[in-house]
Amino acid sequence: MMPFINTRSNSPTCRATLFVAGMLAAAIGFESRVAAQGLDDLQTPEEPLVLKDRGSFFVGGKTVDQTSVELGSFGPDDRITVGQMYVEYMIPDKAANLPVVMVHGATLSGKSYDTTPDGRMGWFEYFVRQSYPVYVVDQVGRARSGFNQAVFNNVHEGLTPADEQRRIFRLGDQFGAWTNFRFGPEPGEAHPDTQFPVDAVDELSRQSIPDLNVWSPTPNPTSDALASLAGQLEGAVLVSHSQSGPFPLDAALADPQGIRGAVLLEPGTCKSDSYSDTQIEALAEVPVLVVFGDYLDNPTGVPGPTWQERFDNCQSFISRLNAANGNAEMLYPPEEGIDGNSHMIMQDKNNLQIADLVMDWIDETVGDERGQ
């Protein structure tokens, strides 16, 4: 059982110290795992987690009438809610910092930020231990947020043409995860310095959830729900990942009042060429940090742009924001002497080291000490 190592103090920690701490953590056992996560693999901190509150709730959604067939023919016509976003939260006993909202990527859920595949502390708990109230969501139509089953049942009964039932996608382990997430150059072959716990890669596969985002309208309803949540919290930093990368930006365009900052972890796109000059001027009011890992030239094995192209798109977006007097920057760990990070950077073996760098940026750039 590994002890909890607190690498942060009340003031921002210097990056050199973080690098040493991360290397020490790896040296004392994070790379020694040879099996997927089991109950015995969970690493319990010695220091207790003290909370003021924890729980869950929903944001958004609308009530719709559906037929008996659309409901699965288990009863009469009735009314249900669709389009809601599930939120799980923990508030530390002595919350001192701005709330942080964490959003997962494609074919995943809020589990991305919880216990890592090899049993270490995830960002959900770690940020709470650093005095941040944390709210972790499941995207609309995913996991505990549920999805609208009506079209599937209508197609099954022949009431809707089959071609109106869109594809549901899920990333496979060989290319969708291993090469696309940059664990290594070929399936089963890891980069020598990979930070992802590849011995526990099967646990990542177990986290995968069929993705119905192709059914979502534009803009994705999760963006509106995030804007609403940030407003209810009276200010929050939105942290997104991969597919959800631009959601905080779209949320800010929908309603910027509660959005104090945006952290985009390896966004699938920053939509640099999609935003108008007027939209860029509006987004320049929100501090933005973009984070990318290593091996951006790794072949993805799936359709779409390379990670290097995504990185370049985000650099262009950062330039547009800053030209509009914004406050945007790129955190690229290799420039800090930190190598081997994957697309699943919040689950990598040095995930707490990267979290410290993100929190340093929040402290220095957003800097809302709530004094609770």
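Summary of computed values
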quantity: Cβ-derived FRET efficiency at R0 35 Å, residue 169 paired with residue 73, nearest 0.05; calculated: 0.80
quantity: Calculated FRET value between residue 162 and residue 281, using beta carbons and R₀ = 51 Å, to 0.05; calculated: 0.65
quantity: Apportionment of accessible area to carbon and sulfur, the chain, percent (1.4 Å); calculated: 49
quantity: Label point 7 Å beyond Cα of residue 312 along Cβ direction - residues of the stretch 255-273 with amide nitrogen under 19 Å; calculated: 266-273
quantity: Range of Cα positions in the chain per principal axis (Å), largest first; calculated: 62, 46, 42
quantity: Three-way shape label, the stretch 87-204, alpha-carbon gyration tensor, a/c 1.5; calculated: oblate
quantity: Using alpha-carbon coordinates, inclination of helix 221-232 to the longest axis of the chain, degrees; calculated: 60
quantity: Length added when fully stretched, residue 257-residue 336, from 0.36 nm per residue minus Cα-Cα; calculated: 25.1 nm
quantity: Surface per residue (accessible, 1.4 Å probe) for the stretch 138-201, Å²; calculated: 53
quantity: Mean separation of Cα contacts under 8 Å (6+ apart) over length of the chain, as relative contact order %; calculated: 19
quantity: Residue-by-residue Karplus 3J(HN,Hα) for the stretch 253-258, coefficients 6.51, -1.76, 1.60, Hz, glycine and proline x; calculated: 6, 6, 6, x, 4, x
quantity: Positive-end residue, the stretch 125-174 charge dipole about Cα centroid, Cβ charges, pick of 162, 132, 151; calculated: 132
quantity: Nearest-20 debye value, the chain charge dipole, Cβ charges on Lys, Arg, Asp, Glu; calculated: 520
quantity: Reach of residue 52 by Cα under 12 Å, taken over aspartates and glutamates that are not fewer than 8 positions away in the same chain; calculated: 93
quantity: Order of exposure, largest accessible area first, which applies to 121, 359 with probe 1.4 Å; calculated: 121, 359
quantity: Length released on extending from residue 44 to residue 152, taking residue separation times 0.36 nm less the Cα-Cα span; calculated: 34.6 nm
quantity: Model label zone, residue 62; criterion: amide N under 19 Å from point 7 Å along Cα-to-beta-carbon; scope the stretch 218-234; calculated: 218-229
quantity: With all protein chains modelled, accessible area of residue 86 [1.4 Å, Å²]; calculated: 30
quantity: Value of Rg/Rh across the stretch 237-368 [Cα atoms, Kirkwood radius]; calculated: 0.95
quantity: Karplus 3J(HN,Hα) series, Hz, for the stretch 90-105 with 6.51 cos²θ - 1.76 cosθ + 1.60 (x for Gly, Pro); calculated: 9, 10, x, 4, 10, 5, 10, 10, 4, x, 10, 10, 10, 10, 7, x
quantity: Between the stretch 268-314 and the stretch 79-141, the Cα center-to-center distance that results, in Å; calculated: 23
quantity: Partner aspartates and glutamates for residue 111 [C-alpha distance under 15 Å; skip if fewer than 8 residues away on the same chain]; calculated: 88, 125, 138, 202, 203, 211, 348
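The values are calculated or read from the model by the stated rules, or taken from the named source; none is laboratory data. The shown structure was predicted, so the numbers you read here are calculated from the model rather than taken from an experiment. All Cβ positions, even for glycine, are placed from backbone atoms using ideal geometry, and neighbour counts span all protein chains on display. Heavy atoms of the whole protein, side chains included, go into the accessibility calculation; ligands, DNA and RNA do not. Shrake-Rupley method; radii C 1.70, N 1.55, O 1.52, S 1.80 Å.
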